[in-house]
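Working notes for the structure below.
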Number of protein chains: 2
Amino acid sequence: MNGGEHVVAEWLRGDGPSADVVMSSRVRLARNFAGVPFVNRATRAQREQVLSMAQDAIVGAAGSRGGVRWIDLCAASPLERTVLVERHLISKQHAKGEEPRAVAVSAPDERLAVMVNEEDHLRLQVMRSGLDLSDAFAQIDAADSAIEHRAEYAYSPRFGYLTACPTNVGTGIRVSVMLHLPGLKLSGEIDKVKRAAQSMSLAVRGFYGEGSEALGDLFQISNQTTLGKSEKDILAEFELSIIPKVIEYERVERRKLLEKRRPFFEDQVFRALGLLRHARLLKSDEAMQLLSHVRMGVTAGVITDVDVKTVSRLLLLTQPGHLQQIAQREMDQPQRRVERAALVRRCLA
Amino acid sequence: MNGGEHVVAEWLRGDGPSADVVMSSRVRLARNFAGVPFVNRATRAQREQVLSMAQDAIVGAAGSRGGVRWIDLCAASPLERTVLVERHLISKQHAKGEEPRAVAVSAPDERLAVMVNEEDHLRLQVMRSGLDLSDAFAQIDAADSAIEHRAEYAYSPRFGYLTACPTNVGTGIRVSVMLHLPGLKLSGEIDKVKRAAQSMSLAVRGFYGEGSEALGDLFQISNQTTLGKSEKDILAEFELSIIPKVIEYERVERRKLLEKRRPFFEDQVFRALGLLRHARLLKSDEAMQLLSHVRMGVTAGVITDVDVKTVSRLLLLTQPGHLQQIAQREMDQPQRRVERAALVRRCLA
């Protein structure tokens, strides 16, 4: 992954269904190999064994369908790991570990990623730009079957797929959608959405998952439990009922702002653009918040000389890891703030 | 005073000595006619008499030296009076009164203004852009003599010129300098300057005199008492000692910021410029603060595509009165915020 490659990650492409509100859709499966202890119980040798089984199965399964990049995380530099986290290809936890672990990523689209030796032996995920859970599920289901064809999964006829954490037992599926909700944030209605989601046992999280703040008005909504429901039920509930309601709610708030408080709306989005085009120092969180407002202005047709793709690229490239990778050197925080502001000015000039 | 005329007031021209720090110099004299009670003791008829004496003397004195505009404030609309306050030609108190009162203004330069029936019968003032108290004093001294040639002033051989308020008795002179001190404000050193000034019995006030906040980092420093000191002493102390020290202090702070914290300095001034160029709603105070930072950036040579004159014009034209006069209609506050932002964008495009 050098200069030219990281143009934009799948989840930031900015297209796909309902891309004005939905950044990306993600489906994840938790799987473990039969006959090997779960990761937290496994010896180093057993983890090495998992790595080897996984590499054989994943590379073998991918074989005919295109390239797969196998990344040994122990060999990867801290900066490379940070970049993978920023691209949402591995979790923070997976980046930090010391034990044998890896990630396999479909190349060059990065839609499919398999973390090996994270909480489970395998964590498969497929991401799609926009609201596209069905296609994401079709892809992950195919990848899952191809791997299962080459290795035996831990499976109980009574419970389903066995996982390290009981909340994942059963289908092992987690479905999540990253939503851009600046309208609900500005109007203050976002708390109602959060309460409604919680009452439906859905998790509402920030940009980097569990415990992270909702930077840039980006919220992840995901299911919490998988036992007792089929994949199809979970997917259908999300794609056809829950998410469309949130999308509509957000659109209504944006319309209200545009129709009833147009000067305020325009002021918010153009101030954000003005700061991004002029600042000489930019913190990461501020950049995300400003880019969030610009994205809203672009999708509303108020800002016409910037496109969504540029905003999406900047959401990714202004992250600390990507910033250093582009500059091809390590930078401390003050240097990054100067570099981030310079990058943003160049891209929005 | 319509569209084309109010391009810029003398005190905002932005040139003259030390214009990087000194906005303007002002000398004021308090005078009363002999044989007529002070304004607060005068009957309506006596105030009318003062008006008539003043008009004869001032218009007569100006006669050969150029135009003078006589403005009857009772006949002036509230908007016209607000515009005069914003141009620093009358005080807020003078704008609000109900009794017979007027102001005479030298046209078209507006350097000399004489308020009639404010606290004293006559309050003469001369303003100059930059630090130019000597020239201002020479002009006001000549105007004062020319008026005294045509009317008798209340004068005591023992006390000097008699005035309504004892602090003005003697020479009746007040000297003030409007300083732009964003460097001292940003570094937090401004409080030391204030304390030093107070210990020298100088008044430090905001943009609109007594009780007003230091909007846009603009501070007025003026002498408090006039008894027992000659005009020359007061002027010399100000122009040669006190003000040069403050100017140097401000310049040192700006240099420090530029040399040691250049990214921070640039960030501050360019963010201000970015907001001014993009905002769709601008409050008056915020506009002044942002213009203040832009002015600092321009005089430091950091912002190169804006000139000081444009900043000065905007400092004046973004005031509520001027804004409505340009638009040729009355506007409520929300409308003014939209109009102000639009005006600023046009001028800084």
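Each value in this text was obtained by applying a stated rule to the coordinates, not by laboratory testing. Everything numeric here is computed off the predicted structure, so don't read it as measured data. Glycine gets a Cβ as well: all are built from the backbone with ideal geometry, and neighbour counts include every protein chain shown.
Figures for the structure shown
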item: Label-point separation in nm, residue B:261 to residue B:56, each point 7 Å along Cα→Cβ; result: 6.1 nm
item: Alpha-carbon centroid distance for the pair region B:247-261 / region B:62-110, whole angstrom; result: 39 Å
item: Unsatisfied cross-links (Cα-Cα over 26 Å) in the set B:192/B:256; A:260/B:96; B:96/B:245; B:92/B:194; A:92/A:229; A:260/A:283; result: A:260/B:96; B:96/B:245; A:92/A:229; A:260/A:283
item: Cleavage-rule hits, GluC sites (Glu not before Pro), region A:21-103, DSSP coil, Cβ neighbours within 10 Å at most 16; result: A:98
item: Protection proxy ranking, peptides B:328-337, A:249-258, B:284-293, average beta carbon neighbours within 10 Å, highest first; result: B:284-293, A:249-258, B:328-337
item: Region B:261-348 shape via C-alpha gyration tensor axes, a/c threshold 1.5; result: prolate
item: Residue of chain A whose Cβ sits closest to the axis mapping A onto B, with distance in whole Å; result: A:274, 2
item: Label zone at residue B:99, where the point sits 7 Å out along the Cα-to-Cβ direction: region B:22-42 residues whose backbone N lies under 14 Å; result: B:32-33, B:36-42
item: Set of aspartates and glutamates near residue A:309 by C-alpha distance (under 20 Å), chain-local residues within fewer than 8 positions excluded; result: A:5, A:10, A:15, A:20, A:86, A:109, A:110, A:132, A:217, A:285, A:286
item: Student exercise, the protein assembly as shown dipole from Lys, Arg, Asp, Glu Cβ charges, in Debye to nearest 20; result: 280 debye
item: Region B:261-348, dipole about Cα centre (Lys/Arg Cβ +1, Asp/Glu Cβ -1), debye to the nearest 20; result: 100 debye
item: Computed [θ] at 222 nm, helices only, for chain A once each DSSP H run of length n ≥ 4 contributes -39500 (n - 2.57); result: -14000 deg cm²/dmol
item: Chain A - charge dipole about Cα centre, Lys and Arg +1 at Cβ, Asp and Glu -1, debye rounded to 20; result: 800 debye
item: Cα→Cβ-extended label distance, 7 Å offset, between residue B:199 and residue B:252, nm; result: 1.4 nm
item: The protein assembly as shown: equivalent-ellipsoid semi-axes (sqrt of 5 x gyration tensor eigenvalues, Cα, Å); result: 73, 25, 19
item: Cα-based shape type of chain A, given that a ≥ b ≥ c are square roots of the gyration tensor eigenvalues and the cut on a/c is 1.5; result: oblate
item: Cα shape, region A:200-349, gyration tensor, a/c 1.5 rule; result: oblate
item: Per-residue mean of C-beta atoms belonging to partner chains within 10 Å, peptide B:279-285; result: 4
